[in-house]
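As structure tokens, the structure follows; a few thoughts come after it.
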């Protein structure tokens, strides 16, 4: 990608996160023009003074070609909003990261993913439940997303690998740093059977302030977030909050009312999270019981123009079958039968009876379109 150097450059600028970068792209039209914009123009468009100052400083000091060379040395891939293969689920969230670093590989099967998160100080109960649920979900073709932290996260990653499945770790540092350091072997196994992912620039050290923000990516890559064991101050609850904001399913495993380690999960259940006692609870809620069949169908059944037209009408917001047929000026029966095949392929799903949402992006042109700007804290 010829423009990649400019994306990498903006990723180093403090104060220009997804919202401000979208605004710059709307004004200047493309990433290179935004990067090269004269200072007086940045003043005219009223870019925040601190962000403007930081941009000018980075432009003066950073060698963009060296940024590209560093990516090659690390052996990372970089996805941007312009990338056709940017993760489809992640693209749907309002604060999708403009730049995503990956060590390992992301595949189409990762669109069927569930985040499994919890406390670093897991009890015997929590460890056993996390291992069982992550392993069973992985055996059913679900990619397990977590954060590589000690406790529930590490157990989830290991259980997925032991089950022969895929797992993705979202880091609160650059993908060239492994934190905690004693998870280096686990990280290498994840790279071989999934990916390490981060939106932080290469070289970024793990800092406590980084981890809450990275939790939005854990949620964004997932169809739902399952909290296995968490206290009231656990970072896993932040991930659950992001999932609720993103319109993703929130699941929780019940625990003893006498255990502080389960207070967060029990509160989530009180507030409406879906209760999970078996992996089947997750599969049924997300309508993934026929996942192997969906994966096979994607390989052998071709897409067609009607499917593409339906996808253009669908988004993360549920759309009723009747409204969809009306917008397409087609018989309800025609649209309904097509949606059956699209569900089988994993392209769409029913969020509730007769209400459909898009699951994956079908064309490079469509996938390259950024999500609408939304209110979000700049990073």
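The values are calculated or read from the model by the stated rules, or taken from the named source; none is laboratory data. In this text the structure is predicted, and so the values were computed from the model without any measurement. Cβ coordinates were reconstructed from backbone atoms using ideal geometry, including for glycine residues, and neighbour counts include every protein chain displayed.
Counting residues in region 123-141 that are under 21 Å from residue 77 (Cβ atoms) and touching a strand residue (DSSP E or B) at 6+ places or on another chain (Cβ under 7 Å) gives zero.
On inspection, residue 104 qualifies as at pLDDT 95 or above, on the phi > 0 side of the Ramachandran plot and either in the same structural domain as residue 280 (by TED's automatic domain parsing) or crowded, with 20+ Cβ neighbours inside 10 Å (or both). Checking each residue in region 93-110 for being in contact with a strand residue (DSSP E or B) (Cβ under 8 Å, 6 or more places away or on another chain), more than 24 Å from residue 140 (Cβ to Cβ) and in a loop (DSSP other than H, G, I, E, B) picks out only 98. If only residues of region 52-92 that are assigned by TED's automatic domain parsing to the domain that holds residue 36 and part of a loop (DSSP other than H, G, I, E, B) are counted, the one that is surrounded by the most Cβ atoms within 10 Å (Cβ to Cβ) is 62.
Say whether the condition of being in a helix (DSSP H, G or I), touching a residue at least 60 places away in the same chain (Cβ under 8 Å) and within 25 Å of residue 261 (Cα to Cα) is met by at least one residue in region 143-151. So far as region 143-151 goes, no, none of its residues is in a helix (DSSP H, G or I), touching a residue at least 60 places away in the same chain (Cβ under 8 Å) and within 25 Å of residue 261 (Cα to Cα). In region 242-271, the residue that is farthest from residue 343 (Cα to Cα) out of those that are assigned to a loop (DSSP other than H, G, I, E, B) and touching a strand residue (DSSP E or B) at 6+ places or on another chain (Cβ under 8 Å) is 254. Note on region 187-209: among residues that are part of a helix (DSSP H, G or I) and buried (at least 19 other Cβ atoms within 10 Å of the Cβ), the one that is farthest from the chain's Cα centre (by Cα) is 187.
The set of residues in region 216-241 being over 24 Å from residue 287 (Cβ atoms) and part of a loop (DSSP other than H, G, I, E, B) consists of 229, 230, 231, 232, 233, 234.
Can you find, within region 129-151, the residue that is surrounded by the most Cβ atoms within 10 Å (Cβ to Cβ) among those that are closer than 30 Å to residue 207 by Cβ and under 19 Å from the mean Cα position of the chain (by Cα)? The selected residue is 145.
Residues are listed down the side, and each one gets a yes or a no for (1) within 28 Å of residue 178 (Cβ to Cβ); (2) touching a helix residue (DSSP H, G or I) at 6+ places or on another chain (Cβ under 7 Å):
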| site | (1), (2) |
| --- | --- |
| 205 | yes, no |
| 214 | yes, no |
| 221 | yes, yes |
| 245 | no, no |
| 252 | no, yes |
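The set of residues from region 352-372 being at pLDDT 50 or above and closer than 26 Å to residue 81 by Cα comprises 356, 357, 358, 359, 360.
Scanning region 290-337 for residues that are surrounded by 13 or more Cβ atoms within 10 Å (Cβ to Cβ), outside any helix (DSSP H, G or I) and at pLDDT 65 or above yields 303, 314, 315, 316, 318, 319, 320, 330.
Considering region 111-128 alone, what residues qualify as being surrounded by 24 or more Cβ atoms within 10 Å (Cβ to Cβ) and part of a helix (DSSP H, G or I)? Result: 126, single match.
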